[in-house]
Amino acid sequence: MKKTGYVIVVLFIFQLPIVAQKIEINFMPSFFNHSRFIITNKDTLCKVQLDIFEGREKIIHSETIYVSLSFLDSFNSFFSVETDTITNDILGLDGTSIKGKYENERVVKYFDFWSPKRNSKEYILFRESIDYIRREMNSKESKKYLGKLNALLREKSKVGKIIYPFFPFF
């Protein structure tokens, strides 16, 4: 009896998702204390540190919490674009600057936004992040600050994208 046969080998290659290792977000409202979030991947949990500043350097309040690693999903999706720097080229006299960096195993990406337009991807990402962190924070001071920051971001986003001209005497 003659044996003939074929062996079919199917190889599937799966790329594991790239997960953020560290995200630093600086919220700098024009007429309000600025703050910094440092979000660190701790394998099974996510460490979120909130620092609220008076002036540029003096920390007047700090709180750290641990949340589900799924908190990083929105950031990983948002920063999966191929560019190294994500910005909106808008500048104004009041509003909120949002600056920071996103790091994973492969890349470091920088971002810089000024009062993201309502319903833009940036606006939704940062508003939802502030809402989530506010619900998880324990101290009244953190909750109060994040509530005001969220309201300020919401209010300034109504204005849309306003570019103020640069005056020749500056």
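The values are calculated or read from the model by the stated rules, or taken from the named source; none is laboratory data. Here the structure is a predicted model, which is why all the values come from computation and not from measurement. Virtual Cβ from ideal backbone geometry, glycine too; neighbours counted across all protein chains shown.
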Considering only the range 125-141, how many residues are part of a helix (DSSP H, G or I), over 10 Å from the mean Cα position of the chain (by Cα) and not basic (Lys, Arg)?
5
Quick check: anything in the range 87-100 among the β-branched types (Val, Ile, Thr), in a strand (DSSP E or B) and either modelled with pLDDT of 85 or more or buried (at least 16 other Cβ atoms within 10 Å of the Cβ) (or both)?
yes
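Table: residues versus (1) hydrophobic (A, V, I, L, M, F, W, C); (2) in contact with a strand residue (DSSP E or B) (Cβ under 7 Å, 6 or more places away or on another chain); (3) farther than 22 Å from GLU122 by Cα; (4) crowded, with 16+ Cβ neighbours inside 10 Å.
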site: SER35; (1), (2), (3), (4): no, yes, no, yes
site: ILE39; (1), (2), (3), (4): yes, yes, no, yes
site: GLN49; (1), (2), (3), (4): no, yes, no, no
site: TYR66; (1), (2), (3), (4): no, yes, yes, no
I'd like the full set of residues that are touching a residue at least 40 places away in the same chain (Cβ under 8 Å), farther than 23 Å from PHE53 by Cβ, basic (Lys, Arg) and not in a helix (DSSP H, G or I), limited to the range 101-124.
ARG106, LYS117, ARG118
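Residues are listed down the side, and each one gets a yes or a no for (1) among the β-branched types (Val, Ile, Thr); (2) at pLDDT 55 or above; (3) within 17 Å of ASN26 (Cα to Cα):
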| position | (1), (2), (3) |
| --- | --- |
| ARG106 | no, yes, no |
| TYR123 | no, yes, yes |
| ILE133 | yes, yes, yes |
| MET137 | no, yes, no |
| LEU146 | no, yes, yes |
| LEU153 | no, yes, yes |
